[in-house]
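Novice: Structure below; questions to follow.
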Amino acid sequence: MAAKPEILVAGGGIGGLSVALALARKGRRVRVLEKASEFGEIGYGIQMGPNVYPILDRLGVFAKMAPHVVYPDALILADAITGDELSRINLGAKFRARFTHPYFVVHRRDLHGSILEACRERDDIALEASKGLVRFEERDNRVLVTCEDGSEYEGAALVGADGLWSPTRGAVVGDGGPRLAGHYVYRGLVPTEEIIDRSHLDSMTIYIGHNLHLVQYRLRGGAVMNNVATIESTRFKRGEPNPGDPAELEETFAQCAPRVREMLRYISRERNWVLHDRDPVTNWTKGRVTLLGDAAHPTLQYLAQGACMAIEDAVVLAAEVARHGEDFNAAFLAYQAQRMNRTARVVLSARFFGTYIHAGGGARSLRNELVAKRDPDDPWEADWLYRGIAVPD
Ligand SMILES: Cc1cc2nc3c(=O)[nH]c(=O)nc-3n(C[C@H](O)[C@H](O)[C@H](O)COP(=O)(O)OP(=O)(O)OC[C@H]3O[C@@H](n4cnc5c(N)ncnc54)[C@H](O)[C@@H]3O)c2cc1C
């Protein structure tokens with residue numbers, strides 16, 4: 001019997017590699033076309049909710065990265081202005097009983113590297129770097145992709161996992177560029193022994209203040225502390241020049257307690273990330289082409305779920321492809337239908353959570369009162385998210 005035609009995936013990030021692996025495990029041959037000259041991830045941490053644990057486990061990825069994973073003991077919200085803890089969600093036995101699986105944090109390179117390794121172990125996945133998709137067309141039950149270097153690939157279908165600025169999305173949805181949030185992120189990784197305030201070393205802590213927050217958690221067996229400082233730029237809101245530059249980072253953090261201001265020393269000023277998302281859409285599939293991960297539903301990071309959603313997408317998409325045989329349009333529409341509302345809820349909830357944690361004045365006072373009333377062992381607000389999806393076989 002002739003081998004089934006290859007499925008093309010544009011983008012070799014966490015989403016693209018996850019879907020390649022999930023499809024291959026369903027018996028499909030896959031070719032991943034990655035724009036960058038190497039497959040890789042940035043050198044910082046990522047949080048993973050209990051919703052993705054069973055998927056990474058099923059894909060054979062979790063076992064590979066298990067030695068590097070850290071399990072924080074709690075998710076803590078602290079007031080950046082006073083430095084005091086406001087509330088916590090305990091991540092111990094009760095949490096695991098409620099959500100079946102643990103919450104964990106991991107270095108992005110350990111996560112991406114483990115998925116990459118699992119892909120490399122298979123001869124039904126081809127990985128090609130320096131292959132930026134520039135356009136595609138559907139022709140005679142095939143998708144023809146043209147890359148920046150002029151090379152062409154033919155596949156039975158195309159999954160656009162090509163991120164926030166996805167050219168695949170440009171052709172499928174055609175809704176222009178993503179929405180600029182006016183939020184700016186700085187990161188820093190430092191050896192744990194350099195951390196001065198050691199009160200929350202074992203937790204994932206978010207210090208929240210007016211137009212800012214700072215996240216801290218440890219990686220790589222606890223050896224290094226991952227620090228992420230975010231500001232909601234008032235310069236951006238006023239249309240002023242240089243929004244979110246290092247000077248505005250300092251100015252915004254000036255309101256914080258000395259122990260929180262101190263933490264800016266762990267943050268690199270060399271680079272910042274300009275945050276975007278998109279309004280949810282209902283048409284990210286066209287013919288034999290669909291989108292996945294940030295290409296389909298980019299979100300602000302405030303629920304720490306963008307990559308988790310891409311990983312969930314991957315297994316749902318692969319299951320629908322397996323169910324629909326060569327009818328890729330039916331498979332992709334079924335995948336999209338299952339993923340649309342859940343990912344839209346993440347996008348919209350993340351926007352709301354950003355407003356909530358960045359509150360000032362009377363809103364801050366109300367927020368702190370509400371947050372303080374939370375039961376650390378009853379995080380019911382997270383049920384819809386952390387209970388996850390029915391993971392397809
Ligand atoms: C500050 C910050 C913190 C975050 N924290 C978390 C967290 O704790 N937990 C979580 O789950 N998520 C988090 N996220 C979100 C998460 O990083 C993203 O949602 C996730 O990386 C998306 O994966 P992706 O594969 O869809 O896209 P990407 O990671 O963007 O990968 C896209 C890939 O496509 C390639 N590409 C681009 N254009 C082309 C082209 N034309 N042709 C071929 N390839 C192309 C790119 O080089 C890249 O390799 C965070 C995001 C930010 C900004």
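The values are calculated or read from the model by the stated rules, or taken from the named source; none is laboratory data. As the structure is a computational prediction, the values presented were derived from the model and not from experiment. When we count neighbours, we look across all protein chains shown, and the Cβ atoms used for this are built from the backbone with ideal geometry, even at glycine.
Novice: Kindly provide the set of residues from the range 108-135 that are under 30 Å from TYR217 (Cβ atoms) and polar (S, T, N, Q), ordered by number.
Specialist: Of everything in the range 108-135, just one residue is under 30 Å from TYR217 (Cβ atoms) and polar (S, T, N, Q), namely SER114.
Novice: May I pose another question? For the range 151-161, indicate whether the set of residues that are farther than 30 Å from ASP73 by Cβ, free of Cβ contacts under 8 Å to residues at least 24 places away in the same chain and in contact with a Ser or Thr (Cβ under 7 Å, 6 or more places away or on another chain) is non-empty.
Specialist: Among the residues of the range 151-161, at least one is farther than 30 Å from ASP73 by Cβ, free of Cβ contacts under 8 Å to residues at least 24 places away in the same chain and in contact with a Ser or Thr (Cβ under 7 Å, 6 or more places away or on another chain), which makes the answer yes.
Novice: Between residues in the range 259-272 that are more than 14 Å from ILE231 (Cα to Cα) and loosely packed, with under 15 Cβ neighbours inside 10 Å and residues that are modelled with pLDDT of 95 or more and among the β-branched types (Val, Ile, Thr), which pairs lie under 9 Å by C-beta distance while being six or more apart or on different chains?
Specialist: Once the first residue is more than 14 Å from ILE231 (Cα to Cα) and loosely packed, with under 15 Cβ neighbours inside 10 Å and sits in the range 259-272, its partners that are modelled with pLDDT of 95 or more and among the β-branched types (Val, Ile, Thr) give ARG265/VAL190.
Novice: Take GLY176 and tell me if it is out of contact with any strand residue (DSSP E or B) (no Cβ under 9 Å at 6 or more places or on another chain), under 24 Å from GLY13 (Cβ atoms) and of a type in the set (Gly, Ala, Ser). So that I can check it myself, show each step before the final result.
Specialist: Working: out of contact with any strand residue (DSSP E or B) (no Cβ under 9 Å at 6 or more places or on another chain): yes; under 24 Å from GLY13 (Cβ atoms): yes; of a type in the set (Gly, Ala, Ser): yes.
Against the criterion (out of contact with any strand residue (DSSP E or B) (no Cβ under 9 Å at 6 or more places or on another chain), under 24 Å from GLY13 (Cβ atoms) and of a type in the set (Gly, Ala, Ser)), GLY176 qualifies.
Novice: Further, regarding this structure: State all residues of the range 235-272 that are within 19 Å of ILE208 (Cα to Cα), assigned to a helix (DSSP H, G or I) and touching a strand residue (DSSP E or B) at 6+ places or on another chain (Cβ under 8 Å); if no residue qualifies, say none.
Specialist: PRO246, GLU248, LEU249, THR252, PHE253, VAL260, MET263, LEU264, TYR266, listed by residue number.
Novice: Kindly evaluate PRO72 against the criterion of being assigned to a loop (DSSP other than H, G, I, E, B), within 24 Å of the chain's Cα centre (by Cα), more than 30 Å from ALA171 (Cβ to Cβ) and touching a residue at least 60 places away in the same chain (Cβ under 8 Å).
Specialist: Details: assigned to a loop (DSSP other than H, G, I, E, B): yes; within 24 Å of the chain's Cα centre (by Cα): yes; more than 30 Å from ALA171 (Cβ to Cβ): yes; touching a residue at least 60 places away in the same chain (Cβ under 8 Å): yes.
Yes.
Novice: Further question on the same structure: Restricting attention to the range 133-147, report how many residues are basic (Lys, Arg) and without any contact (Cβ under 8 Å) to a residue 40 or more places away in the chain.
Specialist: 2
Novice: With (1) modelled with pLDDT of 95 or more; (2) away from the ligand (no atom under 11 Å from the Cβ); (3) assigned to a loop (DSSP other than H, G, I, E, B) as the list, and ILE55 as the residue in question, which single condition is left unmet?
Specialist: All conditions pass for ILE55, except number (3).
Novice: Right, something else. Which pairs turn up if I take residues in the range 33-47 that are of a type outside the set (A, V, I, L, M, F, W, C) and look for partners that are within 7 Å of the ligand (Cβ to nearest atom) and part of a loop (DSSP other than H, G, I, E, B) with beta carbon separation below 6 Å, at least 6 apart in sequence or on another chain?
Specialist: Qualifying pairs under 6 Å: GLU34/GLY12; LYS35/GLY132; GLN47/ALA304.
Novice: Take THR285 and decide whether it is β-branched (Val, Ile, Thr) and within 17 Å of the chain's Cα centre (by Cα).
Specialist: Details: β-branched (Val, Ile, Thr): yes; within 17 Å of the chain's Cα centre (by Cα): no.
Criteria not met by THR285.
Matching residues to (1) of a type in the set (S, T, N, Q); (2) away from the ligand (no atom under 15 Å from the Cβ); (3) on the phi < 0 side of the Ramachandran plot:
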site: PRO243; (1), (2), (3): no, yes, yes
site: GLU251; (1), (2), (3): no, yes, yes
site: HIS276; (1), (2), (3): no, no, yes
site: ASN283; (1), (2), (3): yes, yes, yes
site: ARG288; (1), (2), (3): no, yes, yes
site: ALA295; (1), (2), (3): no, no, yes
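Novice: Another question about this same structure. In this structure, is VAL106 within 16 Å of the ligand (Cβ to nearest atom), under 28 Å from ALA156 (Cβ atoms) and crowded, with 20+ Cβ neighbours inside 10 Å? Don't jump to the end; show me each part of the working.
Specialist: Working: within 16 Å of the ligand (Cβ to nearest atom): yes; under 28 Å from ALA156 (Cβ atoms): no; crowded, with 20+ Cβ neighbours inside 10 Å: yes.
Spelling it out, it is not the case that VAL106 is within 16 Å of the ligand (Cβ to nearest atom), under 28 Å from ALA156 (Cβ atoms) and crowded, with 20+ Cβ neighbours inside 10 Å.
Novice: Could you please find all residues in the range 11-44 being buried (at least 21 other Cβ atoms within 10 Å of the Cβ), within 11 Å of the ligand (Cβ to nearest atom) and assigned to a loop (DSSP other than H, G, I, E, B)?
Specialist: GLY11, GLY12, GLY13, GLU34 - these are the residues of the range 11-44 that are buried (at least 21 other Cβ atoms within 10 Å of the Cβ), within 11 Å of the ligand (Cβ to nearest atom) and assigned to a loop (DSSP other than H, G, I, E, B).
Novice: Which of the residues belonging to the range 376-393 are acidic (Asp, Glu) and either surrounded by 12 or more Cβ atoms within 10 Å (Cβ to Cβ) or within 17 Å of TYR103 (Cβ to Cβ) (or both)? Walk me through how you get there before you give the answer.
Specialist: First, pick out the residues of the range 376-393 that are acidic (Asp, Glu): 377-378, 381, 383, 393.
Correct list: ASP377, ASP378, GLU381, ASP383.
Novice: When you scan the range 328-343, do you find a residue that is modelled with pLDDT under 95 and out of contact with any strand residue (DSSP E or B) (no Cβ under 8 Å at 6 or more places or on another chain), even just one?
Specialist: No, every residue in the range 328-343 fails to be modelled with pLDDT under 95 and out of contact with any strand residue (DSSP E or B) (no Cβ under 8 Å at 6 or more places or on another chain).
Novice: Inside the range 321-344, can you point out the residues that are under 21 Å from VAL30 (Cα atoms) and either surrounded by 24 or more Cβ atoms within 10 Å (Cβ to Cβ) or small (Gly, Ala, Ser) (or both)?
Specialist: Going residue by residue through the range 321-344, those that are under 21 Å from VAL30 (Cα atoms) are 321-336.
Within the range 321-344, VAL321, ALA322, GLY325, PHE328, ALA330, ALA331, PHE332, ALA334, TYR335 meet the criteria.
Novice: Another question about this same structure. Being in a helix (DSSP H, G or I) and either within 10 Å of the ligand (Cβ to nearest atom) or buried (at least 21 other Cβ atoms within 10 Å of the Cβ) (or both) is the filter here; which residues of the range 155-204 pass it? Outline the logic, then answer.
Specialist: Quick first cut of the range 155-204, residues in a helix (DSSP H, G or I) only: 167-172, 192-194.
PRO167, THR168, ARG169, GLY170, VAL172 - these are the residues of the range 155-204 that are in a helix (DSSP H, G or I) and either within 10 Å of the ligand (Cβ to nearest atom) or buried (at least 21 other Cβ atoms within 10 Å of the Cβ) (or both).
Novice: Would you check which residues across the range 129-146 are surrounded by fewer than 19 Cβ atoms within 10 Å (Cβ to Cβ), on the phi < 0 side of the Ramachandran plot and either more than 14 Å from the ligand (Cβ to nearest atom) or outside any loop (DSSP other than H, G, I, E, B) (or both) and list them? Working first, answer last.
Specialist: So in the range 129-146, the residues surrounded by fewer than 19 Cβ atoms within 10 Å (Cβ to Cβ) come out as 129-130, 132, 134-135, 137-142, 144, 146.
Subset that is on the phi < 0 side of the Ramachandran plot: 129, 132, 134-135, 137-139, 142, 144, 146.
Matches in the range 129-146: VAL134, ARG135, GLU137, GLU138, ARG139, ARG142, LEU144, THR146.
Novice: Could you give me the residue pairs with C-beta distances under 6 Å whose first residue belongs to the range 233-256 and is without any contact (Cβ under 8 Å) to a residue 24 or more places away in the chain, whose second residue is crowded, with 16+ Cβ neighbours inside 10 Å and charged (D, E, K, R) wherever it lies, and which are 6+ apart or on separate chains?
Specialist: ARG235/GLU248
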